[in-house]
Structure formats: structure tokens, C-alpha cells
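Below is one structure, written out as C-alpha cells; comments come after it.
The values are calculated or read from the model by the stated rules, or taken from the named source; none is laboratory data. As the structure is a prediction and not an experimental result, all values here were calculated from the model. Cβ placement follows ideal geometry from the backbone for every residue including glycine, while neighbour counts extend to all protein chains displayed.
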Amino acid sequence: MNKWKLAFWICLILLLLVSAISLYSVIDQGVTITYMRDGYENTENDLNTISRIINETNRSKTQIKNLLEKSYDKRFSDFSKDTVPLERVELIFENDTLRKIYNQ
């Protein structure tokens, strides 16, 4: 076999291998960045919600329930327990008053 033919096939295989690894790396970074952005959006939503709870209520369970139902289309409708999960945090009530915000 000619040296040039052998060199061509080796270079072609290396080119395809490097291209495949590069493509995988770019796709992996895109997926990672997408999930990070979703996580940051969830954290930002929780921060906005907590800010509204602190600023617009007296931390009673009833007022917080009304605020959350008005803001989130009744997504947080289970206020029968003393723990209400948001996206990344939990609101912990004691005697129908907000006592703690727990980071999940």
C-alpha cells in the first residue's frame, strides 16, 4: 500500500474522531447550560416569591396562601400541612405563622 494512501486514511479517521468528540462536547455544554438556566430561574422565582411574602403579608398562613394562589394559579393549594414546598425552598409554618424558610 502506498504511504500517501495510508497517511490519508489515518488523517481521515483522526479527523472524524476529533469531529465526533468536539460535537459531543458542544452538545454536552448546551444541555448543561440549559439545566443551569432552569435552576437559576427556579431560584429567582423562589426569591421573588419570598420577597413578596415578606413585603406584602404579615407572615400568616392565610395571607401567604392567598398570595400564592393569586400569583401561581393555585399550584400551591395544599396548605393542610405545616410545610409548603415552592420550587427550591419550603415554607415551614408553626401555629399558622411562617417560622422558617428551608432550602431543599
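Taken together, the residues in segment 68-98 that are within 14 Å of T57 (Cβ to Cβ), among the hydroxyl-bearing types (S, T, Y) and either surrounded by 15 or more Cβ atoms within 10 Å (Cβ to Cβ) or at pLDDT below 80 (or both) amount to 1.
Q29 satisfies every condition listed in (1) over 20 Å from the mean Cα position of the chain (by Cα); (2) over 30 Å from D96 (Cβ atoms) except (1). I'd like to know if segment 6-18 contains one or more residues that are surrounded by fewer than 10 Cβ atoms within 10 Å (Cβ to Cβ), in a helix (DSSP H, G or I), out of contact with any strand residue (DSSP E or B) (no Cβ under 8 Å at 6 or more places or on another chain) and not β-branched (V, I, T). Looking through segment 6-18, none of the residues is surrounded by fewer than 10 Cβ atoms within 10 Å (Cβ to Cβ), in a helix (DSSP H, G or I), out of contact with any strand residue (DSSP E or B) (no Cβ under 8 Å at 6 or more places or on another chain) and not β-branched (V, I, T).
Conditions tested, residue by residue: (1) on the phi > 0 side of the Ramachandran plot; (2) aromatic (F, W, Y); (3) not in a helix (DSSP H, G or I).
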site: T34; (1), (2), (3): no, no, no
site: D38; (1), (2), (3): no, no, no
site: I54; (1), (2), (3): no, no, no
site: N58; (1), (2), (3): no, no, yes
site: Q63; (1), (2), (3): no, no, no
site: Y102; (1), (2), (3): no, yes, yes
